[in-house]
1. Can you give me the C-alpha center-to-center distance between the range 1-24 and the range 35-91, rounded to a whole angstrom?
2. Give the calculated FRET efficiency between K102 and R38 to the nearest 0.05, with a Förster radius of 30 Å applied to their Cβ-Cβ distance.
3. Each residue of the range 89-94 in order: what ³J(HN,Hα) in whole Hz does its phi give by Karplus 6.51 cos²θ - 1.76 cosθ + 1.60, θ = phi - 60°, with x for Gly and Pro?
4. Can you give me the long-range amide H partners of G110? Hydrogens built in the peptide plane at 1.01 Å from N, cutoff under 5 Å, separation of 5 or more residues or another chain.
5. Over the Cα atoms of the chain, what radius of gyration and what Dmax do you get, in Å?
6. Treating only the Cβ of Lys, Arg, Asp and Glu as charged (+1, +1, -1, -1), what charge dipole size does the chain show about its Cα centre? Round to the nearest 20 debye.
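Please treat every number below as a calculation from the coordinates, not as lab data. All figures in this text were calculated on a predicted structure; none of them were measured in a lab. Here Cβ is always computed from backbone atoms with ideal geometry, including for glycine, and neighbour counts include all displayed protein chains.
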Amino acid sequence: MEFAAGQYAQLSFDEVPTRSYSMANRQGNGNLEFYIRRVPGEATSEHVHCTLKAGDEVEIESPLGSSYLRQHHTGPVLCIADGSGLAPIKLIVDTALAHGMKQPIHLYFGVRSERDLYLVEHFQTLAERHADLSFAAVLSEARSTDIGATS
């Protein structure tokens with residue numbers, strides 16, 4: 001399936017509401033990766049985390065969405081994500097770097113507290129390797145400033 005970095009898919013499972021999730025991996029390896037946060041009481045995320053197993057059927061409608069990486073864009077790139085919304089942003093950043101895009105990329109990842117953070121080491125490592133990438137975790141309920149900025 002072809003899709004651009006940042007696009008999403010509609011996923012349908014048996015007997016639970018259809019939901020939209022962004023692809024988190026680059027195309028070409030035959031797999032699709034999604035970040036699906038478990039929300040207690042929300043039927044679809046509960047189904048994915050508690051009931052879904054290998055071999056179960058999933059209906060996918062994709063690609064969808066107009067917010068995606070324009071690889072011919074030469075100006076700075078500003079990426080802002082929160083919670084599980086990091087999936088399309090991760091893919092945009094990973095793809096831009098893999099394709100050798102040289103403009104500044106600024107990534108801000110906002111969550112409530114440190115326990116909500118993920119992939120921080122991934123982005124910190126990328127920022128160390130790529131001078132044009134800056135990364136900041138922004139915490140609205142931070143207990144320390146060790147991780148990143150606070151709001």
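1. The distance from the Cα centre of the range 1-24 to that of the range 35-91 comes to 7 Å.
2. 0.20
3. 5, 4, 5, 4, 5, 4
4. HN-HN under 5 Å from G110: A81, D82, G83, V138.
5. Gyration radius and largest Cα-Cα distance of the chain: 16.5, 47 Å.
6. Numbers: 12 positive and 19 negative charges, 104 e Å.
Computed charge dipole of the chain: roughly 500 debye.
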